[in-house]
1. Amide H neighbours of Tyr349 under 5 Å, at least 5 residues apart or on other chains, H built in the peptide plane: list them.
2. Going by the alpha-carbon gyration tensor, a ≥ b ≥ c the square roots of its eigenvalues, is segment 139-231 rounded (a/c under 1.5) or, if a/c is not under 1.5, prolate (a/b greater than b/c) versus oblate?
3. Residues with beta-carbon under 15 Å from that of Met148, excluding Met148: net charge, scoring Lys, Arg +1 and Asp, Glu -1?
4. Using the Cα gyration tensor of segment 349-430, with a ≥ b ≥ c the square roots of its eigenvalues, what is the shape: rounded (a/c below 1.5), prolate (a/b larger than b/c) or oblate (neither)?
5. Please give the peptides 374-380, 320-326 ranked by average Cβ packing (other Cβ atoms within 10 Å per residue), highest first, as a rough proxy for protection.
6. Which order do the peptides 173-181, 434-442 come out in when sorted by mean C-beta neighbours inside 10 angstrom, highest first?
7. Given [x] 25, 54, 18, 3, 0; [y] 23, 52, 24, 1; [z] 23, 58, 19, 0 as candidate values of P(r) over Cα pairs in 20 Å bins from 0, in percent, which corresponds to the one derived from the coordinates?
8. When the accessible area of segment 64-172 is split by element with a 1.4 Å probe, what percent falls to carbon and sulfur?
Amino acid sequence: MATLAAETAPAPIHWTEGNPTAADLAHIPGDGGWPLVGNTFRMLADPHAFARRMYQTHGKVYKNRAFGGWQVAMIGAEANELMLFDRNKIFSSEQGWGPILDQLFPRGLMLLDFDHHRADRRALSIAFKPEPMRHYAGSLNRGIAQRMTEWGEGPLQFYPAIKQLTLDLAADSFLGLPFGPEADAINKAFVDMVQASVAPIRKPLPFTAMKRGVDGRKFLVDYFTRETHRIRTEGGGQDMFSQFATAEYEDGSQMPVDEVVDHMNFLMMAAHDTITSSATSLVYLLAKNPEWQEKLRQELTAITGGEGKELAYDQLGEPELTEMAFKEALRHIPPVPSMPRRALKAFEYAGYEIPAGVGVGINIHMVHHMEEYWDSPYDFDPLRFTADKVKARHKYAWVPFGGGAHMCLGLHFAYMQIKILMAHMLTRYRIEVADGYDPAWQAWPIPKPKDGLKISLKKI
């Protein structure tokens, strides 16, 4: 394979002939919604209900006008495979995610396409090799064990608590920083960026979330730029940022500093929000299904020896039930419920010719709940993920980490953090929720319980 350094990476392919019009999509069923705003407000009010209604009315391919333009939705495991595997290089991830993320998280790995993406992904993968991962496991065990003792018995709003813990763990594992003022300043800048990325006002006007986000980005760009130069001069540690700062392409050249900075900013956003969401989903589902909570507790106690004992890096493959329960939680509430792309070429799906230039997307949440692939899809049943059942199911029926070339680079880190969290939490506490408790969930852009998830921790 030809070597590709970042300096010689091709410019992204941008569609320049304008977005397809309603006439271009006339042969595709769907609904343009109200004048001017289309279906924007209907989608925001309840994204899952809107998608179900469109699917039930129009089928596996439908057009929809929202957020200022037309998009085409493709529903089903086959659609997931077509878009994510993308063997013919039809779909641009950069142009799909760009309108949402490009202002604050430009040039993140998920926003790169084809050869540039492949070259950067290969260079960054050094951060997820066994030795760095072993170091992260040690950091996670120490940080989570300490926080479990601090939480103590009694009521807890889990989402804000796990959000803060995940930020603190990221400062340690990702940046090599101890908990303290410097880590707090970085966390604040980062949170401001994340909140701005989905703010309705897209210009950095005074006193807006976008202004705070732009200021947060400037702070982090300055910090990561300075630290990248320091690490390259003085050497770094085993933290993830040190691995990124010294990443090399196949030809031995180092990644440009500005690209290291952009990748680090994006990684912190992607890892933090998705792990926070998925940990919250798993804890909620285990509280609602105490028989499964007990099975995981027994499994983890047998592996680690019980409360206060770490789940070592070499033991991560052993908690099989815990991994299946996590996969089932990701099926119920995938942290990225839908995924956008832009078609660079015309293509066909399910009998419809879909024109070049149109925004297209798959609905991961819907496919995760389709009876075509899942028996009793709203039940919590981790045994769906035994080896024989996985083999019998369509490979792209379960895609919480994406798939193909853009499969989440940090998925093994996510599994590791969740397993270590469960190893410390379940061997110390029983997790309970009030009878009949069913919190309302914010469905977009990242699922989270609107009330913060009210749980109670009972010492075992």
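1. For Tyr349, the qualifying residues are Ile354.
2. On the way: a/c = 3.33, a/b = 1.36, b/c = 2.45.
Oblate shape, in that a/c is at least 1.5 and b/c is the bigger or equal ratio.
3. Numbers: positive: Arg142, Arg147, Arg297, Lys309, Lys419, Arg428, Arg430, Lys458, Lys459; negative: Glu150, Glu153, Asp168, Glu307, Glu310.
Net local charge, Met148 excluded: +4.
4. Working: a/c = 2.58, a/b = 1.67, b/c = 1.54.
Prolate is the answer for segment 349-430, as a/c is 1.5 or above and a/b outweighs b/c.
5. On the way: 374-380: 12.7, 320-326: 21.1.
The packing order, highest mean first, is 320-326, 374-380.
6. Working: 173-181: 16.9, 434-442: 11.1.
So the order, starting with the most tightly packed, is 173-181, 434-442.
7. Matching entry in [x] 25, 54, 18, 3, 0; [y] 23, 52, 24, 1; [z] 23, 58, 19, 0: [z].
8. On the way: 2220 of 4140 Å².
Here it works out to 54 percent.
The values are calculated or read from the model by the stated rules, or taken from the named source; none is laboratory data. Keep in mind the model is a prediction, meaning the values are calculated, not measured. Every residue, glycine among them, receives a Cβ derived from its backbone with ideal geometry; neighbour counts consider all protein chains shown. Just the protein is used for accessible areas: all its heavy atoms, side chains included, with ligands, DNA and RNA removed. Shrake-Rupley method; radii C 1.70, N 1.55, O 1.52, S 1.80 Å.
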